[in-house]
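To keep things clear, I will list the structure first and then write my remarks on it.
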Amino acid sequence: MELHILEHSLKVASIEKEGIQICTHGLMKLAFLASKTRCKFFSLTETPEDYTIIVDEEGFKELPQSDLISVADATWLALNVVSGGGNASSSQPIGVTKIAKSVIAPLADHNISVFMLSTYQTDFILVRERDLPMVMHTLSSEFTLLRVVNGETVAAHDLGVTNGFVKPKLVPRPIIHPLSSPSNMFCVTSLDPDTLPSVATLLMDVMFYSGGSKELGTSSEDSSHIRFFSFSLIEGYISLVMDEQTAQRFPNNVLFTSASGELWKMVRIGGQPLGFDECGIVAQISEPLATADIPAYYISTFKFDHALVPEENIQSVIKALRTESAAQ
Amino acid sequence: MSGSKPDILWSPHHPDRYVICDSELGLYRIGPVGGTETKPGTLPLSEETAATLLAINSDTPYMKCVAWYPKHEPECLLAVGQANGRVVLTSLGQSHNSTCKELVGKEFVPKHARQCNTLAWNPVDNNLLAAGLDKHRADFSVLIWDISSKFAPETSVAAEKIRISTVDLDSSMVVTKPLYELGQNDACLSLCWLFRDPKLLLAGMHRNLAIFDLRNTSQKMFVNTKAIQGVTVDPHFHDRVASFFEGQVAIWDLRKFEKPVLTLTEQSKPLTKVAWCPTRTGLLATLTRDSNVIRLYDMQHTPTPIGDETEPTIIERSVQPCESQIGSFAWHPSSQNRMVVVSATNRVMTDFTVFERISLAWSSTTSLMWACGRHLYDCAEDSAEGAESTVEKDIATKMRERAQSRYGHDTLQVWRNHLLAGGNDPQLKSLWYDLSYILYVSHMKQCAEDMELKLQGNKQSLVYSGIKNIIRTSSGTTESRRCWIGSDRQTDVPRFSSEERCLALRLCGWISRGPDIDVETFLRSLEQEREWERAAAIALFNLDIRRAIQILNKGATMEKGDLNLNVVAMALSGYTDEKSSLWREMCSSLRLQLKNPYLCIMFAFLTSEPGAYDGVLYESSVAVRDRVAFACMFLSDAQLPHYIDKLTNEMKEAGNLEGILLTGLTKDGVDLMESFVDRTGDVQTASFCTLKGSPGEVLKDPRVQCWIENYRNLLDAWRFWHKRAEFDILRGKLDPSSKPLAQVFVSCNFCGKSISYSCSAMPHQGRGFSQYGVSGSPTKSKVTSCPGCRKPLPRCALCLMNMGTPVSSCSGPGKSDEKVDLTRENKLSQFNNWFTWCHNCRHGGHAGHMLSWFRDHTECPVSACTCKCMQLDTTGNLVPADSS
């Protein structure tokens, strides 16, 4: 298995709901006019609380400075797992489940905080730039580490720092944050970048304007609708996460829908903002799912984390996670 | 195709049909421009061809790629890859017959939707359609569909789950289970099946090129590269593959797949299409974005076998099929070098044929060949011997023919060389006669101690230096007025004579020896050659008007003679020296109408004032020798050098060989020869001529050496090796400095000293050995040991005798016969005794033995030596063209 350390230097920012107007120009440019910027990595996720932006340094220049925008101080690097592909097991689980044991758990054991972004195409594991030596040290046994430099993939060398690292303590990870599961169902999809202009107005409407009218409360009550929409444009690939109702507003054949047309339900993690320093949150969720072999997407935002699991599995997921939680 | 980027596909079976796909599919038929009226709906593609739109299909939105079903039936079935990864079979312009119906409308749906980048039908197993998709997590990116599969087994499950899919489809037409799934966790940007095995699929994946084998799908061969777009196999060379990345094309050899065998020069703009020409080997066409030219790379030249790293030579050129920017192009599948080009916008199409590069080669024997496309043209010179060809033969042909007739080699009768040259070139004739006179006079001077005795010594070389120099040294000219011969009438024509003038006349060939000017011999020879007018003129200039009339009369009465000569004779007989006579008046005006220049100058002479003979001297159609001889007789010391100088310069400028008479074989003569060679290219004549009569310093002239070397090279190029050897021998005789020094010595294995005669004959060696082995006579060549150290010479690998032993002649049937044979054999085949050896394996022996061995064998005669000695000699198998 290969672990690619991508070259993007990423910033994670949060825009207050009322601050979105001042940012729309920049965001639209990043989302729809990619050729006008040098941005290669852009993700916008709307939650009931805020808009979370993950963007590389080139893209960050497009955003204005404002009190309504808070930026996490660290610079983040994106990791991407590429499996060799040789093994023809077609029933491989997707999403964080695949990497839960190989990447997420070891990082949690070493007290490295991660920030997850699942897209239609792949999963990105964001780590702080300053943690990179530790990350490489932790993962070098399991992965071929490759670093992307100017578009070329080259072998990344372990920086050789071994002293001073704490021995990992292999302790059970109970779930410590409250969980909630909104009632609406989501689809994870994509579209052809060439057709993006034809649905641009619809997307703008979904991104910036539809929030107010459909607001159904921001509390994390169970069985309530949640406002959640994610758009990302990373190295030319578009990924969309939206609820079923929103998806139906798109014309036929524009969205990539899988043959089976799965739908996903969300598990929302955190009662109050999680912050960036606590480690092991992703691991707490993904490990039980991996054990149960349930596929999952995982999207971290500025304040909370979100896991998406197949709708038919939601009950067993909740059950499994509650068990973990109860074990505390 | 998102509207902006069109593509073209030629029908695999109908050479006149193609499909343009942009936002929809359009089927066109190409044909000649309608004879009388262009039908509405036809679009002109070129001056000769036009296209008719046959059908349009706009059923499939979001087209990304299209591939034409390669089977005959159904003939117009297309697979369309869509933006969401679905592959749809559709058809164009077909009445939906039964075979088609089963397939058209069939959809192949991947598990996870993502863009379909490329499609490829298997060229042999036509049911297989490979689709290359974008990356989706851990899913497969290369799916191979079997279009004949009925429906997906888990349709029931799928149908239940399809909730977002809003396309209403007959679920039996949807296939969701591919036959093969390849390229997990990767993206596929381009695909092509390999011709060398239809189970092999080459795919341009994300950052690598991979070859999948359907017989073992868990294995793949791959190489990391960025050049992963547009993989395409050379249809003429199944191991050669092209792929590209941005502006750079990489050419791969599948047998050595680790790195590209070469990369083509990078373009500033990204490439959009790369295609091998199906009708010509090694021709690759590339197109970049926003460009109105198609760049062609011609990879005809195989790399040289020396050194693995040498890149093959590529000829790069650009063609511009149309004014507008090109959207895409497609080679015609069978028409030579033809393509259809579609513009980037508005679907403007152009039918275009790439003009083949012409390669041209001259043979050394004047024939010219050129190749264009599949045609080879040979242009040989008309060898019509019988009919007088109107076009003069090329000088190379002439020289070749002359070399064959031993032109230049007649050293006894030098003048005869012009006959060897064909005898129809007046300049050559004049040249060889000049040389003949020069040599004759110089010869006379050398052996005969006659009147010229006093000229000998300091003026010995004067004969070579031409009349120009002879006249310059002239002194003691006497002037005389003589009577017309046969009448006592005094002429008022002064005649000049001196020794030098006399010598000049001899060089002109008028007289054979001086000092008496007696032209009678010369006149007779002219009469024999039936040169009546010339003889008459010369007789007249010698003031023998009666003889002149007699000659003309003779000419008129001869068989086939010109009766007009009698008329001229009559006119001549009326000569009067009366200044104002009617005769004189009429002759001076009417003579200009005479066609023969000699008749013309006769009257010019008679009607001129003494000393003013421009009518004679500047009559350019009269031979130079006659004009010069005339000048020597009738021009004063003041006039003569002036005239000669003027004439000399004229000759030099024109490169007229007749001028050699004036310049001789001096530096002036070389100048003249130079302009002759510049004009004609005849290095053969120049070489022989300068060799013939020249004293040493002329031969040292670099120009002369250049002509000689060029002539030798020409002979070599014609494989006239014997002629060249003959020429070298002749050259060695005439110019001893040209003899090459011995360059090869045979040295003894033991003492390292040369065993050849020339060395051992050196005084300090003090040995009396005359000849060892090499070209030795049978009696003396018995010495089989080194003269230096007495050790034996190596043995011949065939007869096992020590070298130095003469080759034994095979036993003849009878003793008397043998004896005759022996002498002949020994003379003819001394070469048989020569040492020869292979420079590679160092085995050898008698030349004769070796030659006969290699007539039947390819390998060295020494057992266990596998050296193919004779084949290493690249010229060894050439046969001289003049084997005579």
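Table for the structure above
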{"item": "Those residues of segment B:205-255 which are among the aromatic types (F, W, Y), under 15 Å from B:L194 (Cβ atoms) and modelled with pLDDT of 90 or more, in sequence order", "result": "B:F212, B:W252"}
{"item": "Residue selected from segment A:259-275 under the condition closer than 18 Å to A:V96 by Cβ and at pLDDT below 85, by the criterion nearest to the other protein chains (Cβ to nearest Cβ)", "result": "A:E262"}
{"item": "Among the residues listed as B:S573, B:S589, B:S581, the single one being surrounded by fewer than 16 Cβ atoms within 10 Å (Cβ to Cβ) and touching a residue at least 12 places away in the same chain (Cβ under 8 Å)", "result": "B:S573"}
{"item": "Condition check for B:G561: modelled with pLDDT under 80 and surrounded by 12 or more Cβ atoms within 10 Å (Cβ to Cβ)", "result": "yes"}
{"item": "Residue ID - surrounded by the fewest Cβ atoms within 10 Å (Cβ to Cβ), chosen from residues in segment B:206-229 that are over 20 Å from B:L128 (Cα atoms) and either away from chain A (no Cβ under 11 Å) or of a type in the set (V, I, T) (or both)", "result": "B:M221"}
{"item": "Residues that are closer than 22 Å to A:D131 by Cβ, away from every other protein chain (no Cβ under 14 Å) and part of a strand (DSSP E or B), drawn from segment A:276-309", "result": "A:I299, A:S300, A:D305"}
{"item": "Any hit, segment A:36-44, residues being assigned to a helix (DSSP H, G or I) and more than 28 Å from A:E142 (Cα to Cα)", "result": "yes"}
{"item": "Complete set of residues in segment B:651-669 that are surrounded by fewer than 24 Cβ atoms within 10 Å (Cβ to Cβ) and out of contact with any Gly (no Cβ under 8 Å at 6 or more places or on another chain)", "result": "B:E653, B:A654, B:G655, B:N656, B:E658, B:K667"}
{"item": "Pick from segment A:75-105, criterion away from chain B (no Cβ under 11 Å) and surrounded by fewer than 19 Cβ atoms within 10 Å (Cβ to Cβ), ranking: modelled with the highest pLDDT", "result": "A:T75"}
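The values are calculated or read from the model by the stated rules, or taken from the named source; none is laboratory data. Just so you know, these numbers come straight off a predicted model, no measurement behind them. Glycine also receives a Cβ, built like all others from the backbone with ideal geometry; neighbour counts cover every protein chain displayed.
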